[in-house]
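First comes the structure, then the notes that go with it.
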Amino acid sequence: MNSEKTDTLSEGLWDRARTICINMMQGDSKRSRAERNFSMIQSVSFKDNTFLILALNNLTAEMLEREYADDIKKSLLLAGADPSVRLEFSFDEKSKPSIVVPKSTTGGEKTKTGRIQTFISTMPLKEYYTFDEFVEGPSNSYVLAAAKGVASNPGKKAMNPLFIHGGTGLGKTHIMQAIGNEVRRRNPMAAVCYLTAEAFMNEYVNSMTNNNIQSFRDRYRKIDILLIDDIQFITINMKNFQEEFFNTFNALTNADKQIVITSDVPPKDLPGIEERLISRFEGGMLQEIESPAYETRLAILKKKSEGMQPEVSDETLKFIAQNIKSHVRAIEGALSKVNIFANREPNVLLTNEMLSYILRDFIEKEKTRKKLTIEEVQNCVCRKYGVTIAQILSPERTQSIVTPRQLAMFISRKFTIGGLQEIAKKFDKSHATIIHGVKNISKRLDVEPDLKLTLEEILDELGTSMNEVIN
Ligand code: ADP
Ligand code: MG
């Protein structure tokens, strides 16, 4: 992030607030959405007690203000900001992301210097998502080796595409952006394009609406390295998009241009993706990133705590590594919580009891994770609705069955460690059906207080609550 105007103190404050804000989001989808949206922030500066948040364009600035102003304010306070701190959202026309395409490529606009320029809506890469900042361990060493290989030698058939899959918060986005940063470092002229699958789809829809599909094609076929994050969010029924993506994919790989894709499931389990795309995704290098074991978690914590004030003791780091196991994002969240506490209460000794207290929310989540099984969820929901497990597993579509079925899917997804794959198996349904069911309940919960109440009662019976969402 470009924060030239931000002094180090407020920069640290902003970074902490950002982490808190994202961690505060309830549930996996809201959290990843916030993360994507936050990555559209161009720069943050601090002056006259006001944080000025600049986005790519006015629409994004408005969206950020509408959706996150309150949460950001809260997080800034939690991060230690003065309660009188103000927020302003605006956009920065000048900082439109641009990519200079090498001379050899055709098309685009000639600038005064004669260099061919084209603008590609790449999302900004975080500067600190580098290989140096990524801690290697047995859970990620193969992925890391493949990613480094791709960054130093992009476009090789055996590694194209590089498809990285694994659970949330395990470092997929970090590694993907590290590839982008490394390629740019080696060759500042390389056209690196990083986009979430959602943003990529939006680009496509915009060009369709503006009758400008040709320019979409031209733009994307000039890229040297295309990084598509979170491919699982590609909308199932946008068939034309898949066709266009397929063609872009072929054009790029035929020209030995590198493609990297991340996903939370392996290609074959992607909901609603055409067979031919799946086989393309599987045609290069497939790598899974796994949860880090204790030693790696501790090493990550050591790295992340470097330079923190006050210094974090080894005992504290060990405590966090022992107690927070689910994913790296939670580990970071726990560390930042301890750091905030240590700043606020410099005289309190961080004993294990104290740490258990400070991190009680995180620790509770870890416990729920271990405890709850999909079967328990199914049984509890069935009891509540007076339906049978067989009905829930059946294809029957009457509303009196659909609601408990989808609610059970929702709870399984949010409160058990069962990944999509396991949930799909236990419900005898496809991944797409599970994703659809979870989304449907999320939407309904916003507008149906009765459903929300029932959910809360079920969670209560299961010994958990909405505050303890783990996915
Ligand atoms: P994902 O995209 O898989 O959900 P991210 O790449 O967003 O996960 O990672 C979540 C956070 O964890 C990021 O801040 C990232 O820097 C950090 N992280 C994950 N794995 C590692 C690692 N091995 N070393 C250092 N940081 C890591
Ligand atoms: Mg990610």
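The values are calculated or read from the model by the stated rules, or taken from the named source; none is laboratory data. Everything quoted here is computed from the prediction, not taken from an experiment. In this analysis, Cβ positions are derived from the backbone assuming ideal geometry, glycine residues included, and neighbour counts consider all displayed protein chains. Please note that ligands, DNA and RNA were not included when accessible areas were found on the heavy atoms of the full protein model with its side chains. Shrake-Rupley method; radii C 1.70, N 1.55, O 1.52, S 1.80 Å.
Numbers for the structure displayed
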read-out	value
Residue count, segment 227-250 (criterion: more than 16 Å from ligand 2 (Cβ to nearest atom) and modelled with pLDDT of 90 or more)	10
Hits in segment 371-400 (condition: exposed (fewer than 13 other Cβ atoms within 10 Å of the Cβ) and either under 20 Å from THR464 (Cβ atoms) or basic (Lys, Arg) (or both))	ARG383, ARG397
Check on ILE331, within 21 Å of the chain's Cα centre (by Cα), open to solvent by less than 10 Å² (accessible area, probe 1.4 Å), hydrophobic (A, V, I, L, M, F, W, C) and over 29 Å from GLU364 (Cα atoms)	no
Number of positions in segment 235-263 that are open to solvent by less than 10 Å² (accessible area, probe 1.4 Å), hydrophobic (A, V, I, L, M, F, W, C) and more than 16 Å from ligand 1 (Cβ to nearest atom)	5
Residue among SER215, SER141 that is over 16 Å from TYR129 (Cβ atoms), within 13 Å of ligand 1 (Cβ to nearest atom) and free of Cβ contacts under 8 Å to residues at least 12 places away in the same chain	SER141
In segment 181-221, the residues that are surrounded by fewer than 18 Cβ atoms within 10 Å (Cβ to Cβ), among the hydrophobic types (A, V, I, L, M, F, W, C) and closer than 19 Å to GLY155 by Cα	MET189
Of the criteria (1) farther than 22 Å from LYS425 by Cβ; (2) open to solvent by 30 Å² or more (accessible area, probe 1.4 Å); (3) more than 16 Å from ligand 1 (Cβ to nearest atom), which one TYR294 fails	(3)
Scope segment 271-291; condition under 22 Å from TYR142 (Cα atoms), in contact (Cβ under 8 Å) with a residue 24 or more places away in the chain and open to solvent by less than 20 Å² (accessible area, probe 1.4 Å); matching residues	PHE281, ILE289
Residue in segment 406-414 that is in contact (Cβ under 8 Å) with a residue 40 or more places away in the chain and either more than 18 Å from LEU372 (Cβ to Cβ) or acidic (Asp, Glu) (or both) present	no
Identity of the residue in segment 146-180, of a type in the set (Gly, Ala, Ser) and in contact with a strand residue (DSSP E or B) (Cβ under 8 Å, 6 or more places away or on another chain), that ends up most open to solvent (accessible area, probe 1.4 Å)	ALA158
Tally of residues being of a type in the set (Gly, Ala, Ser), within 16 Å of MET24 (Cβ to Cβ) and away from ligand 1 (no atom under 13 Å from the Cβ) across segment 323-359	0
Count of residues meeting criterion [surrounded by 15 or more Cβ atoms within 10 Å (Cβ to Cβ) and modelled with pLDDT under 90] in segment 81-94	4
Flag for ILE423 being open to solvent by less than 50 Å² (accessible area, probe 1.4 Å), touching a residue at least 24 places away in the same chain (Cβ under 8 Å) and of a type outside the set (Phe, Trp, Tyr)	yes
Candidates THR416, THR454, filtered to the one that is farther than 17 Å from GLN232 by Cα and within 24 Å of the chain's Cα centre (by Cα)	THR416
Given (1) under 30 Å from THR416 (Cβ atoms); (2) modelled with pLDDT of 80 or more; (3) touching a helix residue (DSSP H, G or I) at 6+ places or on another chain (Cβ under 7 Å), index of the condition SER39 fails	(3)
